[in-house]
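The values are calculated or read from the model by the stated rules, or taken from the named source; none is laboratory data. This structure is a prediction, so every number in the text was calculated from the model and none was measured. Positions of Cβ are generated from backbone atoms using ideal geometry, with glycine treated the same way; all protein chains shown enter the neighbour counts.
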Amino acid sequence: MSHDRRWQIFPAQLELTAQISQRLGCHPVVAQLLLNRNLSSMSDLRCFLDPEMRPDGVFPDVLMIPVLTLVHQAVLYSKRILVYADYDVDGMTSTALMVSFLRSLGATPAFKLPHRFKDGYGLSMAQVAWMQTFDMVITLDCGVTNVAEITAIVSNGKTEVLVLDHHTIPDPVPPAHGILNPKVLPETHGLYGLCTAGLVYVFMKAYCQTYGHDYPLHAQLDLVALGTLADVAPLVGENRRFVSQGLRVLSQRRRPGIDALLRESDFDRGYVSARDVGFVIAPRLNAAGRLADPMFGAQLLMTTDITESESLARSLCQMNMDRQAIGQAVLDESLKQIKEQKLDQNPVLVLHGMAWHAGVIGIAASKLVEQFGRPVVMISDTGELGRGSARTCGEVDIYRLLCAGRDLFSKFGGHKEAAGFSILSERIPELRHVLVQYARETLSPENLSPIVQIDANLSPMDVGLTLVEALQQLAPFGAANPTPIFYTNQWTPIDMRLVGKGRHVKVTFSTMSGDRVVDAIGFGLAHKLPALQQKNPELAFHLEVNTWGGGALPQFQLVDVR
């Protein structure tokens, strides 16, 4: 199977980019990037460059008012409120936002984030009787699929259920007293892509406007940005403004828990970027939900006590190190299994190990996808029951692929990029056979090839700090607004060496005329050395600034070479 990536380049629209560049006063390359992001009107383009200009997105009154009214009455009559959320970072940030807000209204809500393995995702029938001891249950980042459980909870005629969730709405809808879900809005609506942290923020803002409650809403945007980025929500519409403002709030480190976590992580930069959330903060919070109890994460985000925040930050950093060690052991075992059983000849990798930690197999699957360029299904097996996590590559819909074996699953759910399931241990060999057979019949090497979406062909004249600076107008980068990738074949390598234990490659390029040079780094691209030894290799790259040694020079971060 081919592991080569397919390159797709957006068509250059020179006349249009010249017009946009002139009207918006932006760099022509930035104008091209805006067109690549499917922005259709001049006002959309302006709002993308300056998210502050975007008009506020609002939910229709018919959806928002019932939720506002019920919460207001619950606070007014001192009803017993339970906040129940998911165990990931979106669940933790949503909980911190909602619980802190309810406390500011004078309520004393209980809150719970379920244990990944003891409780499972969402509501469970085992907790119905306990939930019925509350007057109101507010579910965050879960609940919209829990039709049976919510039917059971409300059957007592006393407990009200409100669902704030961004997952796909099923048919039938649960009989909750109020549901706020951005998926009921048109896809073009600014709030459509909200995660639950963003949804809670919109709810809080509407409550403050409706009931005249004075609350420091802007100061909560650090948690909104954190939840949005960790949940890989699309950075368009309202999310773009929430994240760009929220990262500034996050960088002020006013929340004791976040400050303690960054200090414990030896993070010393002044500004916390979207990338820092993805690589520093989110993994440490997620480690609690993967290995232990997600309540640690929610408490860290809510505490105002310095000593408690430092203690929780230390625990979370230790959990993350444990998670990395456990994950590496699972990865090593997987690679051994692939080699010994020659599984890399299959179009889909189906791996299982006794007592592999179910909290890390999803991360291991993603790493194997990257290495082998095909879908990966990882199963943690207890000897009786297997818990599976699947990740995909290229154009393969992993949910559809797993549907070939859906009769074998005890539980099953997911979407195009990722899916999960549970299965009786004795059925695992049959599942592997079914999936490999189905993949052989339906997948081609083209389906499996990852796509490198190239934004523009960059001339050597364009490579400079002026453009690097101009590109920052498009930040923050993430889902639906990826870091721009450029193409060139106009540079000659004049020096190259392997670095990072032979895994990465460092190159110095020169223009044909020899009047300019630029350094480049290619992480994990040591195998591209032969391609780089050509006179004019084709490069796909991010354009960055290298500030090493106190200077500032443009630099290529290589994405692919051919």
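Some values worked out for this structure:
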{"quantity": "Those residues of region 189-201 which are aliphatic (A, V, I, L, M) and either in contact with a strand residue (DSSP E or B) (Cβ under 8 Å, 6 or more places away or on another chain) or farther than 19 Å from Asp222 by Cα (or both), in sequence order", "calculated": "Leu199, Val200"}
{"quantity": "First in region 382-409 and touching a residue at least 40 places away in the same chain (Cβ under 8 Å), second anywhere and acidic (Asp, Glu) and part of a loop (DSSP other than H, G, I, E, B), Cβ under 7 Å, 6 or more apart", "calculated": "none"}
{"quantity": "Test: Ser21 is in the same structural domain as Leu467 (by TED's automatic domain parsing), modelled with pLDDT under 95 and part of a helix (DSSP H, G or I)", "calculated": "no"}
{"quantity": "Arg290, sole failed condition from (1) modelled with pLDDT of 95 or more; (2) touching a Gly at 6+ places or on another chain (Cβ under 8 Å)", "calculated": "(1)"}
{"quantity": "Which numbered condition Arg284 misses (of (1) among the charged types (D, E, K, R); (2) more than 26 Å from Gly122 (Cα to Cα); (3) at pLDDT 95 or above)", "calculated": "(2)"}
{"quantity": "Test: residue in region 438-461 that is surrounded by fewer than 17 Cβ atoms within 10 Å (Cβ to Cβ), without any contact (Cβ under 8 Å) to a residue 40 or more places away in the chain and among the basic types (Lys, Arg)", "calculated": "no"}
{"quantity": "Hits in region 422-464 - residues which are within 27 Å of the chain's Cα centre (by Cα), over 26 Å from Asp4 (Cβ atoms) and not hydrophobic (A, V, I, L, M, F, W, C)", "calculated": "Ser422"}
{"quantity": "Hits in region 72-120 (condition: part of a strand (DSSP E or B) and either loosely packed, with under 15 Cβ neighbours inside 10 Å or not assigned by TED's automatic domain parsing to the domain that holds Thr228 (or both))", "calculated": "Ala110"}
{"quantity": "Region 205-219: number of residues that are over 14 Å from Val71 (Cα atoms) and not in a helix (DSSP H, G or I)", "calculated": "4"}
{"quantity": "Selected residue (criterion: surrounded by the fewest Cβ atoms within 10 Å (Cβ to Cβ)) from residues of region 344-361 that are assigned to a helix (DSSP H, G or I) and at pLDDT below 95", "calculated": "Gln345"}
{"quantity": "Any hit, region 519-528, residues being more than 29 Å from the chain's Cα centre (by Cα) and at pLDDT 95 or above", "calculated": "yes"}
{"quantity": "Enumeration of residues in region 419-435 that are surrounded by fewer than 16 Cβ atoms within 10 Å (Cβ to Cβ) and either over 13 Å from Arg406 (Cβ atoms) or not assigned by TED's automatic domain parsing to the domain that holds Leu385 (or both)", "calculated": "Leu424, Ser425, Glu426, Pro429, His433"}
{"quantity": "Within region 275-289, considering residues that are within 13 Å of the chain's Cα centre (by Cα) and of a type in the set (Val, Ile, Thr), the one nearest to Ser311 (Cα to Cα)", "calculated": "Ile281"}
{"quantity": "Some residue of region 492-499 being at pLDDT below 95, of a type in the set (Asp, Glu) and more than 22 Å from Arg46 (Cα to Cα)", "calculated": "no"}
{"quantity": "Residue list for region 463-491, restricted to those being of a type in the set (S, T, N, Q), more than 11 Å from Arg240 (Cβ to Cβ) and in contact (Cβ under 8 Å) with a residue 60 or more places away in the chain", "calculated": "Thr466, Gln473"}
{"quantity": "Selected residue (criterion: nearest to Leu24 (Cα to Cα)) from residues of region 34-54 that are in a helix (DSSP H, G or I) and among the charged types (D, E, K, R)", "calculated": "Arg46"}
{"quantity": "Any hit, region 277-287, residues being closer than 30 Å to Pro375 by Cα, surrounded by 19 or more Cβ atoms within 10 Å (Cβ to Cβ) and touching a strand residue (DSSP E or B) at 6+ places or on another chain (Cβ under 8 Å)", "calculated": "no"}
